[in-house]
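To start, the structure under review is shown below, and the notes come after it.
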Amino acid sequence: MTMGIEEPVVIIHDLLVGLLPQRELEFVIGHELGHIKFDHVLNLTIAQLLKVPGMVLDRVPILGPFLKTGLDLALFEWQRKAELSCDRAGLLCAQDPDAGYRVMMRMAGAPALYAAEFNIDAFIRQYEDLQVHQKDLLTRSFYMFSTATRSHPWAAVRAYELKQWIESGEYQAVLDESPAEDAPWLTTSAPDPPTLPMAHRCSHCGIRVPATIRQCVACNTPVQAQNALRPCAACDAELEPGHQFCETCGTPASSTVPPMESM
């Protein structure tokens, strides 16, 4: 949940922090930060104030209720589109499409106990199948009336729209934009590779494996070189495997120290 305008605050429930793996938690936090970046709290506050004249219109015979309903439906439509925009922000933060899809499946009610068995393709196909059946007037009417007064799209719709954005190439285009003009450290030479092995992210259960241990303490999976937590060249923060930018300072991953081979 995000609140505040001049000094915005993101609230994450402690149960969510304990339940979600790191990438999925990054997606959720990035989604909420998107609300801040896009000024959704301010815009929603202004929209809510517009309901006041709508209440007056509701008292106007015949025409008033229609005008008020139109304003309400337009507000709900904007809120649903805002959620889709913030899903993109969450993906840019996590840089892991599957993590975003898994968050959607959890919101749809998929049990956390079977998180490793989530069938992402089947989940997204739910909306694709609905689109096929929307050629039928009854199905299209049901979908329209069931979503018209919702502030959030169906979870399967959000996953589908996120996939469409990725496949359009716009997601990769954003990642490919290097902030070189805002990163003077990119022109400096990278530090010498470290002499000690790096910490790793377990490829099976996702926990952080300390640098001095060669297998996961939770599931005994051997560490892999491609899952090394490389240090950022600018701030020394650990860069998650697969991330293209440092989460702390935004330095491109190409400026970080290459991972050492596992011992």
* Does Glu83 satisfy being in contact with a Pro (Cβ under 9 Å, 6 or more places away or on another chain) and closer than 17 Å to Arg158 by Cα? -> yes
* Check region 107-120 and report whether any residue there is free of Cβ contacts under 8 Å to residues at least 24 places away in the same chain, loosely packed, with under 11 Cβ neighbours inside 10 Å, of a type in the set (Asp, Glu) and more than 20 Å from Leu16 (Cα to Cα). => no
* Asked: Which of (1) of a type in the set (D, E, K, R); (2) loosely packed, with under 15 Cβ neighbours inside 10 Å; (3) not in a loop (DSSP other than H, G, I, E, B) is the odd one out, the single condition Arg102 does not satisfy?
  -> (2)
* Identify all residues within region 51-101 that are at pLDDT 90 or above and basic (Lys, Arg); write none if there are none. => Arg80, Lys81, Arg88
* Check region 62-73 and report whether any residue there is loosely packed, with under 15 Cβ neighbours inside 10 Å, of a type outside the set (D, E, K, R), in contact (Cβ under 8 Å) with a residue 60 or more places away in the chain and under 21 Å from Ala148 (Cα atoms). => yes
* Mind telling me which of the residues Thr195, Thr188, Thr212 ends up being closer than 27 Å to Gln22 by Cα, outside the structural domain of Trp78 (by TED's automatic domain parsing), at pLDDT below 80 and among the β-branched types (Val, Ile, Thr)? => Thr212
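Here's the yes/no breakdown for (1) surrounded by fewer than 17 Cβ atoms within 10 Å (Cβ to Cβ); (2) in contact with a Pro (Cβ under 9 Å, 6 or more places away or on another chain); (3) at pLDDT below 90:
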site: Ile12; (1), (2), (3): yes, no, yes
site: Leu15; (1), (2), (3): yes, no, yes
site: Leu19; (1), (2), (3): yes, no, yes
site: Gln22; (1), (2), (3): yes, no, yes
site: Val28; (1), (2), (3): no, no, no
site: His31; (1), (2), (3): no, no, no
site: His35; (1), (2), (3): no, yes, no
site: Leu42; (1), (2), (3): yes, no, yes
site: Gln48; (1), (2), (3): yes, no, yes
* List the number of the failed condition for Thr2; all other conditions in (1) in contact with a Pro (Cβ under 7 Å, 6 or more places away or on another chain); (2) modelled with pLDDT of 85 or more hold. => (2)
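The values are calculated or read from the model by the stated rules, or taken from the named source; none is laboratory data. Bear in mind the structure is a predicted one, so any value in this text is a computation, not a measurement. Counting neighbours? That spans all protein chains shown, and the Cβs are built from the backbone with ideal geometry, glycine included.
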